[in-house]
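Below is one structure, written out as structure tokens; the observations come after it.
The values are calculated or read from the model by the stated rules, or taken from the named source; none is laboratory data. Everything quoted here is computed from the prediction, not taken from an experiment. Here the Cβ is made from the backbone with ideal geometry for all residues, glycine too, and neighbour counts use every protein chain on show. To get the accessible areas, we keep the full protein, side chains included, count just its heavy atoms, and leave off ligands, DNA and RNA. Shrake-Rupley method; radii C 1.70, N 1.55, O 1.52, S 1.80 Å.
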Amino acid sequence: MKLQDILNKINLPKASDIVIIGGGVIGCSIAMQLSKMSFGSITLLEMNAISSGATSKSGAMIREFYQIDFLIEMAKESKKFFEQSDINFIKNGRIYLFSKENTDSAYNNAILNKKLGVNIDVIDIKQIKNLIPEVNIDDISIGLFEPEAGYVDSVETTYKFAQNAINNGVQIFTNTKAESIEINKNGIQAIKTNKGKIKTKMIINASGAWANYINKSVDENLPIFALRVQQVILKANPAVVPMNYCLMDYSKGTYLRPDYGQTYIAGEELGFEQNDIVSPDYYNQSSDHDVITEYKSRIVSRLPSFDNSIIKSGHAAIYDMTPDANPILGASSKIKGLFYAVGFSGHGFKLSPIIGNMIAELITKEKTDPILKKFNLSRFALKNLILPKFPIKNPNN
Ligand SMILES: Cc1cc2nc3c(=O)[nH]c(=O)nc-3n(C[C@H](O)[C@H](O)[C@H](O)COP(=O)(O)OP(=O)(O)OC[C@H]3O[C@@H](n4cnc5c(N)ncnc54)[C@H](O)[C@@H]3O)c2cc1C
């Protein structure tokens with residue numbers, strides 16, 4: 001049966017051993033990984049279409065560089081998955097640029113990453129210029145180069161995860177909204193949807209920025225808020241030699257990623273963005289003219305040839321932020337049978353394969369990976385936040 005035929009199904013099962021809420025890259029990865037582990041019946045509910053939330057706008061940039069040891073290990077495992085899969089992983093390399101305020105942090109993080117086996121090097125101004133001859137380095141003191149980083153297509157990848165899950169027997173229902181969870185003293189009994197009820201004892205909340213909608217019914221509020229972020233799509237001047245790297249500019253606070261047909265996606269790095277907190281259901285999904293022209297001017301001041309690029313389009317999307325910009329993963333301590341994989345704070349795409357695997361193992365083997373424990377919801381109450389030892393700061397603050 002074709003994926004689209006399956007996705008159009010409307011008859012919900014009466015019961016399912018587990019129900020996953022959310023058909024973004026995280027929910028689909030969990031469904032795929034869980035379905036490989038000969039678990040019982042698995043149902044995934046998506047209120048719109050597969051990959052219609054944050055995932056649809058994701059830069060889907062894949063890298064190993066992180067500022068925290070266990071996130072580096074997770075990113076490495078995930079990258080291995082992308083390398084070994086049939087997903088089109090374009091390894092164009094990634095350059096990080098730092099102004100003098102972040103020089104020490106760049107060095108220290110490079111040491112940490114190299115120690116853990118990441119292929120990354122500190123590069124000086126001359127080496128940066130060798131990689132991108134036209135780059136303006138007036139405000140730059142140092143760079144990092146990760147040659148094996150790159151990007152994938154976010155929507156295509158998520159559909160592949162969904163297709164794999166379906167091939168292994170997962171039932172996926174789109175246009176199906178999880179409305180509430182029924183519980184009694186023994187834990188979860190059922191999930192109510194706009195299309196009927198499914199009896200279940202286990203639920204994974206992978207609903208991104210909407211996580212608290214379903215959680216209202218179990219009275220467990222998660223510290224997640226939706227942050228509106230914007231991207232501009234630039235069409236480069238065809239006469240100009242394309243700049244092929246992913247560029248993370250920690251001086252100007254922008255990222256730039258090549259896309260198909262001489263286009264580039266540019267946006268603002270976390271920590272530099274506007275404080276635009278919104279409702280995930282009612283936010284302006286168009287871009288603001290002043291914001292995207294500002295992004296373009298930052299790119300032009302770094303790469304002057306972009307002066308002739310055209311603003312092809314712009315849009316807004318949301319990050320599901322937590323107070324330490326890291327996800328909430330694992331079992332709810334309040335409701336037996338409820339699990340979380342939410343709050344990815346703008347960097348969840350690259351981690352999706354390992355997250356799927358860790359959550360699937362937690363469920364099938366009832367074994368909590370020691371790394372997974374660090375992402376437990378209780379860390380916020382215990383003030384045990386996940387924070388980098390050598391943070392990269394916004395030099396303009
Ligand atoms: C502009 C942008 C650029 C990014 N760039 C990168 C990057 O380069 N690299 C990287 O690693 N990460 C990046 N990210 C982050 C990454 O894309 C996200 O962390 C990831 O896609 C989150 O996936 P998700 O499945 O958790 O959430 P979502 O994709 O938001 O999925 C949640 C799904 O749940 C559904 N849902 C919600 N409530 C219900 C309900 N009650 N019933 C049924 N369904 C429900 C929603 O419709 C949605 O489809 C970026 C994000 C954005 C927005």
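Here are a few things to note about the model shown:
- Put simply, of Leu338, Leu362 the only residue that is without any contact (Cβ under 8 Å) to a residue 40 or more places away in the chain, in contact with an Asp or Glu (Cβ under 9 Å, 6 or more places away or on another chain) and either farther than 18 Å from Ile68 by Cα or of a type outside the set (Lys, Arg) (or both) is Leu362.
- Members of region 330-353 found to be more than 18 Å from Glu269 (Cβ to Cβ) and surrounded by fewer than 24 Cβ atoms within 10 Å (Cβ to Cβ), listed by number: Gly330, Ala331, Ser332, Ser333, Lys334, Ile335, Lys336, Gly337, Leu338, Phe339
- Scanning region 124-175 for residues that are in a loop (DSSP other than H, G, I, E, B) and more than 23 Å from Ile30 (Cα to Cα) yields a count of 14.
- Hits in region 149-182 (condition: more than 19 Å from the chain's Cα centre (by Cα) and open to solvent by 50 Å² or more (accessible area, probe 1.4 Å)): Gln163, Asn164, Asn167, Asn168, Gly169, Gln171, Asn175, Lys177, Glu179, Glu182
Quick grid of which residues meet (1) within 16 Å of the ligand (Cβ to nearest atom); (2) part of a loop (DSSP other than H, G, I, E, B); (3) of a type in the set (Lys, Arg); (4) farther than 18 Å from Ile26 by Cα:
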{"site": "Lys350", "(1), (2), (3), (4)": "yes, yes, yes, no"}
{"site": "Pro353", "(1), (2), (3), (4)": "yes, no, no, no"}
{"site": "Pro391", "(1), (2), (3), (4)": "no, yes, no, yes"}
{"site": "Asn394", "(1), (2), (3), (4)": "no, yes, no, yes"}
{"site": "Asn397", "(1), (2), (3), (4)": "no, yes, no, yes"}
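- Selection of region 21-50 for residues being more than 11 Å from the ligand (Cβ to nearest atom) and out of contact with any Phe, Trp or Tyr (no Cβ under 8 Å at 6 or more places or on another chain) yields Gln33, Leu34, Ser35, Lys36, Met37, Ser38, Phe39, Gly40, Ser41, Ile42.
- No other residue among Pro238, Pro147, Pro242 is more than 10 Å from the ligand (Cβ to nearest atom) and either on the phi > 0 side of the Ramachandran plot or in contact with a Pro (Cβ under 8 Å, 6 or more places away or on another chain) (or both) apart from Pro242.
Residues are listed down the side, and each one gets a yes or a no for (1) surrounded by fewer than 18 Cβ atoms within 10 Å (Cβ to Cβ); (2) of a type in the set (S, T, N, Q); (3) closer than 30 Å to Glu46 by Cβ:
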site	(1), (2), (3)
Ile203	no, no, yes
Tyr213	no, no, yes
Leu234	no, no, no
Gly261	yes, no, yes
Ser279	yes, yes, yes
Thr293	yes, yes, no
Ser301	yes, yes, no
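- Entry remark, region 74-89: residues being open to solvent by 30 Å² or more (accessible area, probe 1.4 Å) and within 22 Å of Val122 (Cα to Cα) number 1 in total.
- Residue pairs whose Cβ atoms lie under 8 Å apart, sitting 6 or more positions apart in sequence or on different chains, and linking a residue in region 310-327 that is of a type in the set (Ser, Thr, Tyr) and outside any strand (DSSP E or B) to a partner that is open to solvent by 30 Å² or more (accessible area, probe 1.4 Å) and more than 8 Å from the ligand (Cβ to nearest atom), are Thr322/Pro223; Thr322/Phe380.
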